[in-house]
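We did not get these values from a lab; they are worked out from the coordinates using the rules stated. Just so it is clear, the model here is predicted, and its values are computed rather than measured. Reconstructed Cβ throughout: ideal geometry from the backbone, glycine too, with neighbour counts over all protein chains shown.
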Amino acid sequence: MQLQLMLFLCVAVCLTGGKAVAGKAPLVYFKATLSSNSGEPHPFGVGSTILFSSVEGNVGDGYNSTSGVFHAPVSGYYQFHALLQTVGSGGADFSLLAQGSAKARIHLLGPWRSVSMSVIIHVNKGDHVFVKKTWQNGNSPLRQGEWSQFSGFLLRKD
């Protein structure tokens with residue numbers, strides 16, 4: 001399902017130049033993963049915004065790879081998705097936040113655990129959406145590359 005959606009979005013971008021789909025809302029889409037430059041897991045501390053710095057797509061320029069925060073370029077309904085995998089022996093909680101309020105939460109316990117969270121929410125132009133580590137017990141760094149990713153797209157513009 002996710003692959004089909006990404007293919008549809010890629011075709012839509014190619015056909016429309018990223019301006020609009022069938023005369024409707026401007027196309028907004030991003031996908032970012034944890035950088036795998038070092039080959040080492042990423043040990044984010046509690047309270048840290050997760051920095052998905054390897055950007056594969058950023059139509060609408062809403063995602064900031066330096067801060068790890070998506071800034072909505074238009075108001076509307078968006079779908080956001082995060083997939084995270086820990087490699088340490090501890091546990092950790094992560095939240096997807098919009099304007100400082102948790103919209104989804106996940107709990108990872110033990111090594112090599114993968115969990116995803118997905119949410120459809122209304123976001124106003126300029127609102128911030130990001131993933132944050134909210135709790136940790138022991139060693140729980142995140143696995144780099146496709147194993148830890150954050151994506152979102154505009155479903156319907158206001």
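For residue 93, the shell of other residues with beta-carbons less than 13 Å away shows a net charge of +4, using +1 for Lys and Arg and -1 for Asp and Glu.
With the simple spin-label model, which puts each label point 7 Å out from Cα in the Cβ direction, the residue 56 to residue 103 separation comes to 2.1 nm. Neighbours of residue 54 by Cβ distance under 15 Å: Lys/Arg scored +1, Asp/Glu scored -1, total -1. Simple spin-label estimate for residue 65 and residue 116 gives 2.3 nm between the two label positions (7 Å along the Cα-to-Cβ direction from each Cα). With a cut-off of 14 Å between beta carbons, the residues surrounding residue 45 carry a summed charge of +1, where Lys and Arg count +1 and Asp and Glu -1. Model label points for residue 127 and residue 158, set 7 angstrom from Cα along the Cα-to-Cβ axis, are 0.9 nm apart.
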